[in-house]
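Just below is one structure, and these are the notes that go with it.
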Amino acid sequence: MARRGAGTPFLLQLCLLLLLHLGGTLGCASVTVGSHVVPLGSAVTASCIIQRELCHGLEQGKVRISWMLDNKLVVGSQRPGPGGTEVSNLTLPRFNHTQAMLWCCVEWNGTRQRVGVAEIRAGYPPAKPLNLSCALNLSDYGLTCQWEQGTDSHLPTSVVLKCTGSRAQAVTGCTPRGGHSHCTVPRRLLQLYRQMEIWVSATNALGTAESEHLRIDPMDVAKLDPPTLQSIQSIPFQTDCIALAWDAAWGTEHMELQCELRYRAPEDPAWELVTGIIGRAGTAQRCGFLFGTQYRFQMRCRRSSASALASWSEWSPGRNYTTHEKAPTGKLDAWWGAQPDGPGGRLEVQLRWKAPRQREANGRVLGYRVTLSPRRRGRDPPTICNTTHTQCNFSVPAGTRRVYLSAFNSAGESAPTEVVLLERKGQPLAGLRAVPGGEHSLWVHWEAPLAPVIAYVLEWQRVTAEPGPCSACWQMERDGATTRALIQDGIEPFQRYNISLYPLYEGTVGVPAHTAAYSQQKAPSHAPKLHLKRISKSEAELCWEPLPVEMQNGFITSYTIFWANSITNVASATLNPSLSSFVMRGLKPSTLYKVHIMASTAAGGTNGTSLTLVTRVLDDTEIQFLFLSLGLIFVLLMVLLICFQKNERMKEQLWPSVPDPANSSLGKWVPAALPQEPLQLLAAREPGPAISSVTVLEGDPGKPPGKEQPVAP
């Protein structure tokens, strides 16, 4: 019975929960909200009415109503309602969920049961569609329009492309599929060559937004196929004009077209555009092209009567054409160096020049020629240099002051450029300096001299362990009033360049000014290797080899020496970059030190490998003094020893003569016979009476001691 009674409440609870759930589902509770769709962040109101008679198991007792927003408990108010109902009201001041479930719950036996629910969504009114554009496809004459949706409204939104003025004489259009921002109005709803009004409408529960309205003739926005370039040729020969023949695309023969032509050379940064080409097909002419230059041409078209919203066709496939060449024009920038060639009266000349620009080359330059006199009609002067390079070394008679340089291509030769070999003895410049202009450039600045300058010549050379000639590492500044120039050719970061500047005066060349610069610096690639030059008990002298310039990566601003032993802190000394040795002072005797060097530029420093050294116990002078003292002591000892050996009296005083007991008379004497009463010697280890007296007997004269006479029997 006890077990049975214990299980009854559990069964009743389970049944009541089931009844409550079924009752709630069948109308036990009624949940109403102010609006199921609200602006995001606005207030939401809701009420829940509980009817006791429909909630089985809650007919008696107090009903407690609570609310849950998704799985979060929220607090509302509760009051009795008419007809025995219970009413709970809820206000959420800021609803920040885009979608949530609001539950009405009743509490029974300590559990919360959900008996009613309302779904609430929040978002924004639809954003205005932007950038509406349309194009007519001539293959099926469908009008395809596209646009940008704008920001997400977080609510279900219906988007429709609408148009009026169509054959349906009503608002028609199309609906995009799959959330896309484009759709196509079919040909049956269009009327060509007639104005139509087109727009996009976006609608959700909070409102409607429309794009800007387009008023277009569908034919004005027809997407044409690109035209075809048939031929390109120069007209007439040896001019800078060309003529192009082109055909319209298939299907556009009945249209009046407006076309554009564009062209550019490979080195041009942008296209040149030619507009206003009108016609169905034909030719177009254009002048101002460079000689001997390859160009690429393209063309596109649209209806000439189209509005500004009309679409251009794609650009036609490119077609290349190279214009005719003619002889080079203009003067060549030249620079020289000259020095006597021994006693033979010859002058050795190193001539360099810049290749002509494309506008002056008029084609591909085949070579250059240097002569001693200008070319005259009917006669060619002798050539002293004929090369395809931009430099030439040659020998001329002493006293030669002019040579003539010209360039030639397949169409002819340029007018000669006179090169005057002036002496370099003019006024030098002052204040020459160079600063970075970028990773691959240098700005060079200087002060203008007092004398008028015709031009300036800049030379630069990369500093390496084995420098080589650079024919292109120079440039001429034609503006004599300028005080700065930009070097861009052949400049690399982390490399040192020596720069020379020559002023060109009337009739002479100035003495050059020199400087050095980096376009960009960084820490050295490695630091110098330390060597121990000498060491004592309190000092150590270190030395090192300067870094190769290729490893410096910038101007060395300082060397820093660091040293420390196992006890003291690290000590350091910063040195001038011109030094290559250093003496560490104040070291402790017989102590191990670790030393390393750091090489620094303006961009950072690099540490070298560590050098280990041990100071001495004594200095060299102390060691010499010690050895000298020991030597003196040794010499004194030897002198004293010799003196002792030579002086017998001193020897007797220091080492007196001691008699030898073995050679004494007593040691040689032995008595002849034993006494009548011999001594009784007891064993050394046995105690006995002490000897009271010893009688010494005199031996027989003439008998040697130690020998006994034989006894007669």
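The values are calculated or read from the model by the stated rules, or taken from the named source; none is laboratory data. All values derive from a computational prediction rather than experimental measurement. Neighbour counts run over all protein chains shown; Cβ positions are idealised from the backbone, glycine included. To get the accessible areas, we keep the full protein, side chains included, count just its heavy atoms, and leave off ligands, DNA and RNA. Shrake-Rupley method; radii C 1.70, N 1.55, O 1.52, S 1.80 Å.
Convex hull volume of the Cα atoms in the range 415-570, per residue, in Å³?
In the range 415-570, the Cα hull volume divided by residue count equals 182 Å³.
Consider all pairwise Cα distances in the range 530-615 and report the whole-number % of them above 23 Å.
Here the long-distance tail beyond 23 Å is 22 percent of all Cα pairs in the range 530-615.
Within the set of other residues whose C-beta is less than 15 Å from the C-beta of residue 202, count the net charge using Lys and Arg as +1 and Asp and Glu as -1.
-2
Projected area of the range 130-221, taken from the Cα convex hull and averaged over every viewing direction, in nm²?
Average of the hull's projected areas for the range 130-221 equals 5.9 nm².
Roughly how far apart, in whole Å, are the Cα centres of the range 333-377 and the range 497-535?
29 Å
Counting alpha carbon pairs within less than 8 Å and at least 6 residues apart, what relative contact order, in whole percent, applies to the range 433-518?
Relative contact order of the range 433-518: 38 percent.
All other residues with a Cβ under 15 Å from the Cβ of residue 40 taken together, and with Lys, Arg as +1 and Asp, Glu as -1, what is their net charge?
Net charge in that neighbourhood comes out at +1.
Keeping all protein chains in the complex and leaving out DNA, RNA and ligands, what accessible area do you get for residue 91 with a 1.4 Å probe, in Å² to the nearest 10?
Ignoring ligands and nucleic acids, residue 91 comes out at about 90 Å².
Round to the nearest 10 and report in Å² the accessible area of residue 217, as given by a 1.4 Å probe over the protein chains' heavy atoms.
Counting only protein heavy atoms, residue 217 exposes about 20 Å² to solvent.
Would you list, by chain and number, the aspartates and glutamates whose Cα falls below 13 Å from the Cα of residue 128, excluding same-chain residues fewer than 8 positions away?
Once the sequence-local aspartates and glutamates are set aside, what remains near residue 128 is 148, 152, 210, 212.
How big, on average over all directions, is the shadow cast by the Cα convex hull of the range 87-156, in nm²?
8.7 nm²
Once the whole set of protein chains is in place, how much accessible area is left on residue 246, using a 1.4 Å probe, in Å² to the nearest 10?
Its heavy atoms expose roughly 10 Å² to the probe.
Which GluC sites (Glu not before Pro) in the range 417-450 pass both tests, a DSSP loop state and at most 16 other beta-carbon atoms within 10 Å?
Here the GluC sites (Glu not before Pro) that fit, given the DSSP loop and packing criteria, are 423, 439.
Roughly what % antiparallel, to the nearest 5, for the DSSP beta bridges in the range 25-123?
Around 90 percent of the beta bridges assigned by DSSP in the range 25-123 are antiparallel ones.
Once the other residues with Cβ under 14 Å from the Cβ of residue 510 are scored (Lys, Arg +1; Asp, Glu -1), what is the net sum?
-3
Exactly which trypsin sites (Lys or Arg not before Pro) in the range 152-219 are in a DSSP loop and have at most 14 other Cβ atoms within 10 Å?
167, 177, 194
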